[in-house]
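Take a look at the structure set out below.
The values are calculated or read from the model by the stated rules, or taken from the named source; none is laboratory data. Given the structure is predicted, the values throughout are model-derived calculations rather than measurements. So basically every Cβ, Gly included, is an ideal-geometry build from the backbone, and we count neighbours across all protein chains shown. Heads up: the accessible areas ignore ligands, DNA and RNA and are worked out on the full protein's heavy atoms, side chains in. Shrake-Rupley method; radii C 1.70, N 1.55, O 1.52, S 1.80 Å.
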Amino acid sequence: MFQLEQLKIAIIGLGYVGLPLAAEFGKHVPAMGFDINLQRIDELKQGVDHTLEVSEQELKQAVFLNYASDPHALEQSNFYIVTVPTPIDDFKQPDLTPLIKASTTIAKVLKPGDVVVYESTVYPGATEEVCIPVLEKESGLKFNQDFFVGYSPERINPGDKSRRVTNILKITSGSTPEVADYVDQVYRLIIEAGTYKAPSLKVAEAAKVIENTQRDVNIALINELALIFNKLEIDTEEVLRAAGTKWNFLNFRPGLVGGHCIGVDPYYLTHKAESIGLHPEIILAARRLNDRMGEYVATQLIKEMVKQQIQVVGARVLVLGLSFKENCPDIRNTKIVDMVQALKEYDLALDIYDPWVDEDEVKQEYGLAPVQRLEKGVYDAIVIAVSHDQFKQMTSADFKLLGKPNHVLYDLKYVVDKEQSNIRL
């Protein structure tokens, strides 16, 4: 029933996840990259990817890849991969609106024998409880009779040039054993690292959501240890270095936990857990602690400024870095914004500098206006918030040149030596 020779793939959503996938499939089989963002489609047609995940050369190599924002362009496809965002709302609840809209779009062109695979992070059971009913209702077709479904969670690490979509082992699954085999075969066309076929959609969904939940809990533990050690006036980094000499000590560091995965995925799992009457104590406690770290960092900076007898109101403060991680333009759910908002309550003159981010995107998303160049000798406090290569290449003298003779240097990312900063996380 399923034949690779007749495969025509459509990737729905061309962001950090969808575009690398589309580019790889586009080297081997007919592929349609679909996105509702017309500007995104136009830039890709010109060989430009503002996310910097796929180079111009890689886009050129995808000779079988076309782009479209018109849903009618999907009619010739028979294998749909959904890679749209799955964010949370203001109440920390899953927002499945993009997933539902993508399913609706596909359903209108769905044909007997088609397969729909979801890669977006969801809670266990979401594909069967939310997506499949939409596909059935809008298409008039019957699930596992007329059309079939798979789930293969994305594992993209934005900004990582060594771990790419092709060399990260891929989890696959399908709604029937035959479909599971077919989905696995399709991904094996591009995944050099191999695949792991999960026994069900729910297992694949759960595996994805706990990957980042586990990291979130571990980072929360280290963040809490940092709070304790700061109170005890013990350097957290020195403690972690010492403990790290044991072979089975896990190498996590304290910090602001943002991004589209670690800061979001645990809420999908806790939502599902609470819907079945379970209150996940450890996961939610970790989330609360990590969500408070931005405010904690701001408070620590203000305390140090007061200790250094620096006038807080009206002080000029420079925040170096805004993206949620190093060497990446991704600003989704960046927790540096929490620190910035907390600092603004002290009536500071705040500058944000990040050579990686898009100025217009920052203004639209957060209402902030990053500065485009650094001034020397004007800042009362400097916060190294992201360890971009540009900042790691700077010396302690370079950072000092940015500040006034008496200023505070807060190194969140251990970019400079301990002796060269006033305060570290």
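Rounded to two decimals, what is Rg over Rh for segment 129-168 when you use alpha-carbon atoms and the Kirkwood radius? Spell out each step's value before the answer.
On the way: Rg = 16.0 Å, Rh = 12.8 Å.
On the Cα set of segment 129-168, Rg over Rh gives 1.25.
I'd like the trypsin sites (Lys or Arg not before Pro) in segment 228-267 restricted to DSSP loop residues with at most 15 other Cβ atoms within 10 Å, sorted by number. Let's see the in-between values first.
Working: sites: LYS231, ARG241, LYS246; in loops: LYS246.
Within segment 228-267, the qualifying trypsin sites (Lys or Arg not before Pro) (loop, at most 15 other Cβ atoms within 10 Å) are LYS246.
Starting from the eigenvalues of the Cα gyration tensor, five times each then square-rooted, give me the equivalent ellipsoid semi-axes of segment 48-99, largest first, whole Å. List each step's numbers first, then the result.
Values: eigenvalues 153, 68, 15 Å².
Semi-axis lengths for segment 48-99 are 28, 18, 9 Å.
Calculate the tail of P(r) for segment 272-367: the fraction of all Cα-Cα distances greater than 17 Å, expressed in %. Intermediate values should be presented prior to the final figure.
Numbers: 2724 of 4560 pairs.
When every Cα pair of segment 272-367 is considered, 60 percent fall beyond 17 Å.
Positive end of the dipole of segment 156-288, charges at C-beta (+1 Lys, Arg; -1 Asp, Glu), about the Cα centre: which of GLN214, TRP247, TYR267 has its Cα farthest in that direction?
Result: TRP247.
Can you give the three extents of the C-alpha atoms in segment 16-87 along their principal axes, from longest to shortest, in whole Å?
31, 28, 20
Loop only per DSSP, at most 16 neighbouring Cβ atoms within 10 Å: give me the trypsin sites (Lys or Arg not before Pro) in segment 340-392, ordered by residue number.
Numbers: sites: LYS344, LYS363, ARG373, LYS376, LYS392; in loops: ARG373, LYS376.
Within segment 340-392, the qualifying trypsin sites (Lys or Arg not before Pro) (loop, at most 16 other Cβ atoms within 10 Å) are ARG373, LYS376.
Among DSSP beta bridges lying fully in the chain, give the percent that are antiparallel, nearest 5. Mind showing how you got there, number by number?
Working: 2 of 42 bridges.
Just about 5 percent of them are antiparallel.
Using only alpha-carbon positions, what ratio does the radius of gyration of segment 131-222 give when scaled by 2.2 N^0.38 Å? Could you put the intermediate results ahead of the total?
On the way: Rg = 15.6 Å, N = 92, 2.2 N^0.38 = 12.3 Å.
Compared with the compact-globule rule of thumb, segment 131-222 sits at 1.28.
Report the net charge of residues surrounding GLY159, where surrounding means a beta-carbon distance below 12 angstrom and charges are Lys +1, Arg +1, Asp -1, Glu -1.
Numbers: positive: LYS161, ARG163, ARG164, LYS325; negative: GLU53, ASP160, GLU326, ASP330, ASP389.
Every neighbour counted, the sum reads -1.
Using only the Cα atoms of segment 288-425, what are the Rg and Dmax in Å?
That works out to 13.8, 39 Å for Rg and Dmax.
Return the subset of LYS142/LYS202; LYS60/LYS197; LYS92/LYS197 for which the Cα-Cα distance in this structure is over 27 Å, preserving the input order. Before the final figure, lay out each step's value.
Details: LYS142/LYS202 20 Å; LYS60/LYS197 31 Å; LYS92/LYS197 31 Å.
Over 27 Å apart, Cα to Cα: LYS60/LYS197; LYS92/LYS197.
Using label points projected 7 Å from each Cα along Cα→Cβ, tell me how many nm separate LYS101 and LYS161, to one decimal.
Simple spin-label model gives 3.4 nm for this pair.
So if I restrict to the alpha-carbon atoms in segment 242-288, what is the Rg, and what is Dmax, the biggest pairwise distance, in Å?
In Å, with Rg to one decimal and Dmax whole: 14.3, 42.
On full extension of the chain, what length is gained from LEU52 through THR245, given 0.36 nm per residue of separation minus the C-alpha to C-alpha distance?
Details: separation 193, 0.36 × 193 = 69.48 nm, distance 3.62 nm.
In short, 65.9 nm is gained.
Among the GluC sites (Glu not before Pro) within segment 1-104, which fall in a DSSP loop and have no more than 16 other Cβ atoms within 10 Å of their own Cβ?
Values: sites: GLU5, GLU24, GLU43, GLU53, GLU56, GLU58, GLU75; in loops: GLU53, GLU75.
Here the GluC sites (Glu not before Pro) that fit, given the DSSP loop and packing criteria, are GLU75.
Would you work out if segment 82-173 is rounded, prolate or oblate? Take a ≥ b ≥ c from the square roots of the eigenvalues of the alpha-carbon gyration tensor; rounded if a/c is under 1.5, else prolate when a/b is larger than b/c, oblate otherwise.
Details: a/c = 2.32, a/b = 1.39, b/c = 1.67.
Oblate is the answer for segment 82-173, as a/c is 1.5 or above yet b/c matches or exceeds a/b.
For VAL63, VAL165, what's the largest-to-smallest order of accessible area, 1.4 Å probe? Could the numbers behind the result be given before it?
On the way: VAL63 105, VAL165 20 Å².
Largest accessible area first, the residues go VAL63, VAL165.
If exposed means no more than 12 neighbouring beta carbons inside 10 Å and the site is in a DSSP loop, what's the longest run of the chain without any exposed chymotrypsin sites (Phe, Trp or Tyr not before Pro)?
Values: sites that count: PHE91, TRP247, PHE249.
The longest uninterrupted stretch comes out as 250-425.
Averaging the inverse of every distinct alpha carbon separation and then flipping it gives the Kirkwood radius. What is it for the chain, in angstrom units?
On the way: mean 1/r = 0.0431 Å⁻¹.
Its Kirkwood hydrodynamic radius stands at 23.2 Å.
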